[in-house]
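The values are calculated or read from the model by the stated rules, or taken from the named source; none is laboratory data. These figures come from a predicted structure and were not determined experimentally. In this analysis, Cβ positions are derived from the backbone assuming ideal geometry, glycine residues included, and neighbour counts consider all displayed protein chains.
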Amino acid sequence: MAERTMKEGWSRDEVDKVLDELSPITVPVSISVNGKQKILGLDECERMLRKAKIIGLEPCWCRLKIKGCDAPIDICVTMDEETELAVREREGRKVSLSQAMAALKKGHKAGLVHLAYETPGHDIKAICSCCSCCCHTMYGITQMGMNRDVVGQADVIAVHIPDTCTDCGICVKRCHFKAWSFDEDKVVHNPSLCAGCGVCVSFCPSNSIKMVKRKTKAKRASKSKRWVS
């Protein structure tokens, strides 16, 4: 994806306005974990979509607004009443299950992080495929110093297996949260920065990353602690 400069991104006021209306949950790519926290891999996404009466797709308005990379645009998946709203008031269209899954897989191939947006008191009705250069929430965390706990971390975390790692650096390039880096010529992982999205494990050519349960569950930050000073 193309590089971009911070001045083209979101303002704090814009990010705060969006987060006041939405509560994002990290959705790992191709990772299946049972637990109380809502965590969805592609299989779980498909099961959720199979229960929906109406499925829709609409353009990613974050990517349209920021234009920070060349990741897929027509990739936001909606369900039921959110699909009806998207068709009526936005640029949404009704699609089949296979078309929706193709969009999610396209996002997976592009290395995007799936985020499910939960409105209090309602079921999840939208699944987004996000990047750190255009997504308001991920941009706020990675570029503006927003408290990472504002996004509910997955209850899984990446674990590095150095013995088989070839230090190719694909994980460093793919990680939106900068949890992977180089120490001289060796790849290292910083667990404190890992959101548990699973992008790294999906692209590791030597299978030197695995996802395991977190020891403690991250708590969502309050509005007053949204930004890190």
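Odds and ends about this structure:
- Any hit, the range 1-16, residues being within 18 Å of CYS135 (Cβ to Cβ), at pLDDT 75 or above and surrounded by 16 or more Cβ atoms within 10 Å (Cβ to Cβ): no
- Screening the candidates MET144, MET138 for the property of being more than 19 Å from CYS45 (Cβ to Cβ), touching a strand residue (DSSP E or B) at 6+ places or on another chain (Cβ under 9 Å) and either of a type outside the set (S, T, N, Q) or modelled with pLDDT of 80 or more (or both) yields one hit, MET144.
- Filter pass, LEU97 being at pLDDT 85 or above and within 26 Å of PHE203 (Cα to Cα): yes
- Yes/no for THR83 being modelled with pLDDT of 90 or more, touching a helix residue (DSSP H, G or I) at 6+ places or on another chain (Cβ under 7 Å) and either outside any helix (DSSP H, G or I) or outside the structural domain of GLY196 (by TED's automatic domain parsing) (or both): no
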